[in-house]
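Data block below; observations after.
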Amino acid sequence: MAIKANWGAQPSIQLPVAPTKNGYTFNGWYTAASCGGTKAGDANATRTPDQTRTLYACWEVVTYNITYTGNGGTLGGCTPTTYTVESSDITPTCTSKTRTGYTFSSFSPATIPAGSTGDKTITAQWSAIPYTITLNVNGGTAVTNPADYTINAATQTRTLSGTVYATDYTVSFDTEGGSANPESIVSTRPFNGWSFTTNSTPTSSVAGSTLTIASNAIGNIVLEAQW
């Protein structure tokens, strides 16, 4: 006689906890690789097996944000604004980069290496523009120009050092065989200070030998000796 085995119900199983993978979020267990087939269940889900099989983790890549900060300046047309762990090396770029009194020097960080994760902040780096101060002696003796200046929220001062002498003009006399020649006369123009031929923006001022550079001033300055 034949004997038939009797089987109980197939016991259910609990699927494993969610695994982790850098730059990805877990989206459940699937019957085929790369999120293929059908979804067997989420982490910790209960399932009753219907055959011997392998279940595969399904991963979704995380998109991270890239934020650009002008660091006192203004940026425009900046790209990219997002990336993933699968992105190649990224070199941030902006079509416009402006800051009064400065030139753009670089971004920090300059690159986002491939394989990076997490939101990133890209900060503009700037170099202050040096502006010259030129003293035009206007026919007088040469003097040393003051040190250059850069934009500053506070007022700045420069001492207009050195003594400026006008060119002396000597007038001589020849009596052409007459009585003794009169003594020569030396004509010396008095120095009457400095005045601007090119000023900064906002306007700077000068009093005596002191140049006061206005707050947030930019631009080259030219001063001319007055006689």
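Read-outs throughout are calculated quantities, based only on the coordinates presented, and are distinct from any laboratory measurement. Note that the structure is predicted; figures quoted are calculated from it, not measured. Virtual Cβ from ideal backbone geometry, glycine too; neighbours counted across all protein chains shown.
Quick rundown of the values:
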read-out: Positions within the stretch 95-116 being over 11 Å from the mean Cα position of the chain (by Cα) and surrounded by 14 or more Cβ atoms within 10 Å (Cβ to Cβ), in sequence order; value: G101, I112, S116
read-out: Selection from the stretch 93-131 of residues that are of a type in the set (G, A, S) and assigned to a loop (DSSP other than H, G, I, E, B); value: G101, A110, A114, G115, S116, G118
read-out: Residues (touching a residue at least 40 places away in the same chain (Cβ under 8 Å) and in a loop (DSSP other than H, G, I, E, B)) located in the stretch 36-75; value: D50, L55, V62, G70, N71, G72, G73
read-out: Complete set of residues in the stretch 124-142 that are crowded, with 16+ Cβ neighbours inside 10 Å and within 16 Å of C94 (Cβ to Cβ); value: A124, W126
read-out: Pairs with Cβ under 7 Å, 6+ apart, first in the stretch 175-197 and at negative phi and among the β-branched types (V, I, T), second in a loop (DSSP other than H, G, I, E, B) and loosely packed, with under 12 Cβ neighbours inside 10 Å; value: T175/N181; V186/D168; T188/D168
read-out: Pairs, first under 21 Å from T144 (Cβ atoms) in the stretch 201-226, second assigned to a strand (DSSP E or B) and among the charged types (D, E, K, R), C-beta under 6 Å, six or more apart; value: L211/R158
read-out: Of all residues making up the stretch 123-162, the number that are over 15 Å from S195 (Cα atoms) and charged (D, E, K, R); value: 1
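Listed here are the residues, each with its yes/no results for (1) of a type in the set (V, I, T); (2) over 30 Å from S127 (Cβ atoms); (3) surrounded by fewer than 13 Cβ atoms within 10 Å (Cβ to Cβ).
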residue: V17; (1), (2), (3): yes, yes, yes
residue: G23; (1), (2), (3): no, yes, no
residue: T31; (1), (2), (3): yes, yes, no
residue: G36; (1), (2), (3): no, yes, yes
residue: A40; (1), (2), (3): no, yes, no
residue: A43; (1), (2), (3): no, yes, no
residue: N65; (1), (2), (3): no, no, yes
residue: Y68; (1), (2), (3): no, no, no
residue: V85; (1), (2), (3): yes, yes, no
